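The values are calculated or read from the model by the stated rules, or taken from the named source; none is laboratory data. Just so it is clear, the model here is predicted, and its values are computed rather than measured. Cβ atoms come from the backbone with ideal geometry, glycine included; neighbour counts cover every protein chain shown. What goes into the accessible areas is simple: the full protein's heavy atoms, side chains included, and nothing from ligands, DNA or RNA. Shrake-Rupley method; radii C 1.70, N 1.55, O 1.52, S 1.80 Å.
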Amino acid sequence: MSDYVVNEVGGVFVLPIDGFISAEVRGGELILRSPGSTDEAWVSGTRIGEDVVRQLVGRRARVERAEVNRDSTLRIDFDGGVSVMNPAADEVEAWEVRGPGHILLVALPGGGEPAIWDSTSEVRVVRPGDQLPASLVKMIESFGFPIPTGEFELRCTTGGRESFELHPRTLLW
């Protein structure tokens, strides 16, 4: 697996999935695969129609370009002139791209710049007793979860936006 990075080019965030093939639909998500490896990207969105996804998979459409702009509109261009677009939404995470590698992009509720994690994101191991960022504690409590008592990895977004991803090592809630 390569170290995949989301680059900002000309004011948009470019996803490193050019050439990936529309391979399958699973649970409403479009799975894109690299033709030369086992690397995958999973795409889900509130405005990406299941019928369009099935057509892309049926003809094994190849990604020509994938990008996200600063208001969190996801656009994926495929061969054959087909494009899918999914803007941000007010109340929900409108779309998500997971993969390849450590990439995760999410359109946060309300729009604005997307949350982006990739192989350059800061990863910290948090152990019992370590001080957590106040914004993380607030987020965990807002969902009604207790503060984790076990060791876990904390991955912060690139670009310093206040978004986090938790990866349990032996996470004990």
Some residue of the stretch 60-67 being part of a loop (DSSP other than H, G, I, E, B), without any contact (Cβ under 8 Å) to a residue 40 or more places away in the chain and open to solvent by 10 Å² or more (accessible area, probe 1.4 Å): yes
Test result for residue 39, over 17 Å from the mean Cα position of the chain (by Cα) and of a type in the set (Asp, Glu): no
Residue within the stretch 101-112 that is under 15 Å from the mean Cα position of the chain (by Cα) and open to solvent by 80 Å² or more (accessible area, probe 1.4 Å) present: yes
Selection within the stretch 4-19 - closer than 23 Å to residue 35 by Cβ, not aromatic (Phe, Trp, Tyr) and not in a strand (DSSP E or B): 5, 6, 15, 16, 17, 18, 19
Any pair with Cβ under 6 angstrom, 6 or more apart, that starts in the stretch 113-136 at a residue that is more than 13 Å from residue 148 (Cα to Cα) and ends at one that is of a type in the set (S, T, N, Q) and in a loop (DSSP other than H, G, I, E, B): 114/72; 115/157; 115/163; 116/157; 117/157
Unmet requirement for residue 116, which otherwise passes all of (1) in a strand (DSSP E or B); (2) closer than 21 Å to residue 49 by Cβ; (3) not hydroxyl-bearing (Ser, Thr, Tyr): (2)
Unmet criterion (only one of (1) touching a residue at least 60 places away in the same chain (Cβ under 8 Å); (2) surrounded by fewer than 20 Cβ atoms within 10 Å (Cβ to Cβ)) for residue 27: (1)
Residue pairs meeting the criteria (Cβ under 9 Å; at least 6 apart or on separate chains; first exposed (fewer than 14 other Cβ atoms within 10 Å of the Cβ), in the stretch 142-156; second in a loop (DSSP other than H, G, I, E, B) and of a type in the set (Ser, Thr, Tyr)): 150/170
Qualifying residue in the stretch 43-53 (condition: farther than 27 Å from residue 154 by Cα, modelled with pLDDT under 95, part of a strand (DSSP E or B) and touching a strand residue (DSSP E or B) at 6+ places or on another chain (Cβ under 9 Å)): no
Within the stretch 19-37, tally of residues that are modelled with pLDDT under 95 and among the hydroxyl-bearing types (Ser, Thr, Tyr): 1
